[in-house]
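Since the structure comes first, as structure tokens, the remarks are kept for the end.
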Amino acid sequence: AWYVPCLASLETLQELCRKENLRCKSIGITNRSLKSYEVEYLCDYKVEEGTEYYLVKWKGWPESSNTWEPQKNLKCPLLLQNFLSDKNEYLSRVREGKALKVRNHVKALKPAVADYIVKKAKQRIALQRWKEELNRKKNHKAMILVENTVDLEGPPLDFYYINEYKPAPGINVINGITTGCECADCPAEKCCPKEAGFILAYDKKKKLKIQPGLPIYECNSFCRCGPDCPNRIVQKGTPYSLCIFRTNNGRGWGVKTLQKIKTNSFVMEYVGEVITSEEAERRGQLYDNQGNTYLFDLDYDSDEFTVDAARYGNVSHFVNHSCDPNLQVFNVFIDNLDLRLPRIALFSTRTIKAGEELTFDYQMKGSIDLTSDSADGLSPSRKRIRTVCKCGAVCCRGYLN
């Protein structure tokens, strides 16, 4: 299904809800806000006859209902702190020492400062709502946080969070597997990896022990083993709390870990729409002009299909490229043994400290034919326009493709 963003402003929606006496938690209309007044954010500031006033945006009320309130009436210390912090941040950026101007014996905030404070407050609310949405939709226990201390960019308007592949019409990502291992305690002689002709991918500590290029065969939904089976790792989702953050060097959004990640640990899956290579070629021509790189070839056995994470994806959508990455790509087979449609898993290549950005090489391949230092691994749609790399690594190749 294709989704269309709502074109009505938040203020219009709030007015409609109040007129029809409707509740909508996502836009701040609750039983509490219908019956009482709650400060959503502070818009402006002035000093008149020695009394300090703040222009208040009331939660669940349109901006036309904003009122000036004396500071002594406000019981919102965190919002006052945000207001002052945003004011000082703006002044430090534009290198202006004074925020107030005097007119008709009234000290008032300069319009540019007030405008920035309002935009920052709206961004803060939008990012909080986005964070709540992401955590509602995810199917793993770890938390997803959102942070932007760099600019006024809000949540992406045309991105929809999914937990697994979204196949295009005519593509079946579940091939109807009906058998599984009979192990009471995996791994055993007849466990799934050995049946496929490969070794178990994980050691006793559930860490990866195979070399890049080799596939991972996990136990599936028909296997006798339970959820604590040591051969069920990727299917449980990311175990780490992650933060989608705004980078300060022009790379847009990025992802950092909030917990220490040990070497050879599973971090996340790369998911998106599964499309044909022909469709990927068509979309690639559009993405080239936008400078986007979200197409991931499923080329373990052939090059028939591609994962497109541009509109539909998970946290991996925001992971940036690096020529010296800390994540490695592996092909995983669980409930679908079709070699043309592996699941893509990202594992740590080294110990990653809490707060460190997560990256992988956009030229990295998951098949045995590794050509990470060549553009031959990319589809033709990504060869035409070369995108400058900003990873900053000592070994940086200069371009993403």
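A few comments on the model shown:
- Separation of the CYS395 and LEU337 label points, Cα + 7 Å toward Cβ, nm: 3.7 nm
- Between helix 111-137 and the chain: long-axis angle, C-alpha atoms, 0 to 90°, nearest 10: 40 degrees
- For segment 52-57, backbone phi angles converted through the Karplus equation (6.51, -1.76, 1.60; θ = phi - 60°) give residue-by-residue couplings of 7, 10, 10, 7, 9, 9 Hz, Gly and Pro being listed as x.
- Heavy-atom accessible area for CYS323, with the other protein chains in place and a 1.4 Å probe, reaches approximately 20 Å².
- Across all directions, the average flat footprint of the convex hull enclosing the Cα atoms of segment 142-360 is 12.5 nm².
- Separation in nanometres of the label points that stand 7 Å from Cα toward Cβ, at LYS209 and VAL94: 6.2 nm
- Using the 1.4 Å probe convention, the accessible area of segment 10-127 works out to 62 Å² per residue with neighbouring protein chains retained.
- Here the spin labels are modelled as points 7 Å beyond Cα on the Cα-Cβ line, and at LYS260 and GLU153 they lie 3.1 nm apart.
- Accessible-area ranking of TRP68, TRP61, TRP253, largest first, probe 1.4 Å: TRP68, TRP61, TRP253
- Think of segment 1-127 as having a plus end and a minus end, set by charges on the Cβ of Lys, Arg, Asp and Glu; of VAL47, TRP58, ASN82, ASN82 sits farthest toward the positive end of this dipole.
- Amide H to amide H, with H built 1.01 Å from N, TRP253 comes under 5 Å of THR247, counting only residues 5 or more places away or on other chains.
- Placing unit charges on the Cβ atoms of the charged side chains and taking the dipole of segment 10-127 about its Cα centre, the candidate lying farthest along the positive direction among VAL106, TRP68, LEU127 is LEU127.
- For the chain, the longest principal axis of the Cα atoms and the long axis of helix 77-94 meet at an angle of about 80 degrees.
- Hz values of 3J(HN,Hα) by residue in segment 249-258 - Karplus curve (6.51, -1.76, 1.60), Gly and Pro given as x: 10, x, 9, x, 7, x, 10, 10, 8, 9
- Compactness of the chain as Cα Rg over 2.2 N^0.38 Å, two decimals: 1.19
- Two-site FRET efficiency, ARG124 against SER221, from Cβ-Cβ distance with R₀ of 51 Å, rounded to 0.05: 0.75
- Cut-off under 5 Å, modelled amide H: who pairs with CYS24 long-range: ILE29, THR30
- Per-pair calculated FRET efficiency, R0 = 30 Å: ARG136 and THR12 via Cβ, rounded to 0.05: 0.80
- Vicinal HN-Hα couplings computed from phi for segment 345-357 (Karplus, 6.51 cos²θ - 1.76 cosθ + 1.60; Hz; Gly/Pro x): 10, 10, 10, 6, 8, 7, 5, 10, 6, 4, x, 7, 6
- With respect to the chain, whose longest principal axis is taken over its alpha-carbon atoms, helix 277-290 is tilted by about 30°.
- Here the extension length gained between GLU38 and PHE198 equals 51.5 nm, from 0.36 nm per residue of separation less the Cα-Cα distance.
- Of the listed residues ILE162, ILE261, the order by accessible area with a 1.4 Å probe, largest first, is ILE162, ILE261.
- Segment 131-158 versus segment 43-115: alpha-carbon centroid distance in Å: 28 Å
- Largest accessible area first, the residues THR179, THR359 order themselves as THR179, THR359 under a 1.4 Å probe with ligands, DNA and RNA left out.
- Given charges at Cβ of Lys, Arg, Asp, Glu: segment 142-360 dipole, positive-most of PRO212, GLY272, PHE159: PRO212
- Quarter the surface of the alpha carbon convex hull of segment 10-127 and you get the mean projected area, 8.0 square nanometres.
- Overall, the chain carries a charge dipole of about 1700 debye about its Cα centre when +1 sits on the Cβ of Lys and Arg and -1 on the Cβ of Asp and Glu, all other atoms neutral.
- FRET E, pair LEU74, ASN31, Förster distance 30 Å, beta-carbon r, rounded to 0.05: 0.85
The values are calculated or read from the model by the stated rules, or taken from the named source; none is laboratory data. Just so we're clear, the structure is a prediction, and the values are computed from it rather than from any experiment. Ideal geometry is used to build each Cβ from the backbone, glycine not excepted, and the neighbour counts take in all protein chains shown. For accessibility, only protein heavy atoms count, side chains too; no ligands or nucleic acids. Shrake-Rupley method; radii C 1.70, N 1.55, O 1.52, S 1.80 Å.
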